[in-house]
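Heads up, the thing below is written out as structure tokens.
The values are calculated or read from the model by the stated rules, or taken from the named source; none is laboratory data. Since the structure is predicted, the reported quantities are computational estimates derived from the model, not experimental observations. Note that each Cβ is placed from the backbone with ideal geometry, even for glycine, and that neighbours are counted across all protein chains shown.
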Amino acid sequence: MDPRRDPLLALVDQAVADGVVAGRHRRAARALEEHLRTARSRPVPMNIDKATAVIYAELGFPPPLARGLFVLSRSVGILAHAWEETTQGTRNKGPVPRSVLPTYRGDSTDATGDPARAQPQPPR
């Protein structure tokens, strides 16, 4: 289970106790988690994504905005991970296997001489 989940949900619990938020989404999420726990042979605990969805919903964010915040937070995490691996000289894991990544095969400029717009070449 993600160690960030419980502290975040505890903040939601406190906000409900303080009357800051209603707790409707928190109750629904916990009910779903409980249903999955009892209906399956293996429990399915609420992950960090669901916990943040509960927070956004309790705060009244419309679903499209909450989704944008989710995507933004994931983008920052992916960028940080890629930078860490790049600076450490380790493999930057991605959806494409290294064997099919583009490779350099000559001049790195495009037809106008602009190196930034050169098209990568597929591996041979």
Q. Can you name every residue in the range 21-37 that is out of contact with any Leu (no Cβ under 8 Å at 6 or more places or on another chain) and within 13 Å of Ala57 (Cα to Cα)?
A. Ala22, Gly23, Arg24, His25, Arg27, Ala28, Ala29
Q.
Scan the range 28-46 and tell me whether some residue there is modelled with pLDDT under 95, within 15 Å of the chain's Cα centre (by Cα) and part of a helix (DSSP H, G or I).
A. no
Q. If we keep just the residues of the range 49-90 that are under 21 Å from Pro7 (Cβ atoms) and acidic (Asp, Glu), which is surrounded by the fewest Cβ atoms within 10 Å (Cβ to Cβ)?
A. Asp49
Q. Do we have any residue at all in the range 81-96 that's modelled with pLDDT of 90 or more and not aliphatic (A, V, I, L, M)?
A. no
Q | Candidates Ala22, Ala15, Ala111, filtered to the one that is at pLDDT 90 or above, assigned to a loop (DSSP other than H, G, I, E, B) and small (Gly, Ala, Ser) | A | Ala22
